[in-house]
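Colleague: Before we start, here is the structure in question, set down as structure tokens.
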Amino acid sequence: MGRITASQKQLKPDPVHGSLIASKFINCLMYDGKKTAAQNVFYGALDIIAEKITDRTSIEVFHTALDNVKPNIEVRSKRVGGASYQVPMPVQKNRQQSLSIRWILSAVREKKGLPSAEKLANELINAYNREGSAYTKRENVHRMAEANKAFAHFAW
């Protein structure tokens, strides 16, 4: 279905926590090949999370936040007889992960006026608590799928 890229094979676990998802997240956060800057932002955000949430480790909070934002179902356009229908379809695992990363990062980039690490920490804590703009995005996607359930029989 999707393109096959070598990124999955080449992905090395992140140096601090040994997590593949964390290193994937850092790569998506990175601008202009500046990986060290992206790592500083990410680990800075984890430090802020560690200060604010004491009952779990910051990397656990990060993983839970990502899982909370992952969509289970989404709508995709399908043309049937000249009309376009929004057909609800289940989301594959790797797409769930990339969508959740993309939504969290876009929510962070929309906010202005704070250091990136703080914005990222706030968004991750919000996602962990099932609130914030990335979680709202997921809820909207699920709502769209629910509203268009009538077209589910067009799923291919």
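The values are calculated or read from the model by the stated rules, or taken from the named source; none is laboratory data. Computed from a predicted structure; not experimentally measured. Every residue, glycine as well, gets a Cβ built from its backbone with ideal geometry; the counts of neighbours run over all protein chains shown. Heavy atoms of the whole protein, side chains included, go into the accessibility calculation; ligands, DNA and RNA do not. Shrake-Rupley method; radii C 1.70, N 1.55, O 1.52, S 1.80 Å.
Colleague: Being open to solvent by less than 50 Å² (accessible area, probe 1.4 Å) and without any contact (Cβ under 8 Å) to a residue 60 or more places away in the chain is the filter here, so list the residues in region 85-94 that pass it.
Modeller: First pass over region 85-94, keeping only residues open to solvent by less than 50 Å² (accessible area, probe 1.4 Å): 87-89, 91.
Selection gives Val91 alone.
Colleague: For region 100-126, how many residues are among the small types (Gly, Ala, Ser), more than 10 Å from the chain's Cα centre (by Cα) and either exposed (fewer than 14 other Cβ atoms within 10 Å of the Cβ) or farther than 17 Å from Ala38 by Cβ (or both)?
Modeller: Residues in region 100-126 being among the small types (Gly, Ala, Ser), more than 10 Å from the chain's Cα centre (by Cα) and either exposed (fewer than 14 other Cβ atoms within 10 Å of the Cβ) or farther than 17 Å from Ala38 by Cβ (or both): 1 in total.
Every residue, every condition in (1) modelled with pLDDT of 90 or more; (2) under 19 Å from the mean Cα position of the chain (by Cα); (3) exposed (fewer than 15 other Cβ atoms within 10 Å of the Cβ); (4) of a type outside the set (Phe, Trp, Tyr), yes or no:
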position: Ile21; (1), (2), (3), (4): no, yes, no, yes
position: Ile53; (1), (2), (3), (4): no, no, no, yes
position: Phe62; (1), (2), (3), (4): no, yes, no, no
position: Pro71; (1), (2), (3), (4): yes, yes, no, yes
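Colleague: Gln97 - would you say it is polar (S, T, N, Q) and surrounded by fewer than 16 Cβ atoms within 10 Å (Cβ to Cβ)? Steps first, please.
Modeller: Values: polar (S, T, N, Q): yes; surrounded by fewer than 16 Cβ atoms within 10 Å (Cβ to Cβ): no.
So Gln97 fails the test.
Colleague: Another one. Where the second residue is of a type in the set (A, V, I, L, M, F, W, C) and the first is open to solvent by 60 Å² or more (accessible area, probe 1.4 Å) and lies in region 139-156, which pairs have Cβ atoms under 7 Å and are six or more apart or on separate chains?
Modeller: Pairs that qualify, where the first residue is open to solvent by 60 Å² or more (accessible area, probe 1.4 Å) and the partner is of a type in the set (A, V, I, L, M, F, W, C), are Met144/Val75; Phe151/Val87.
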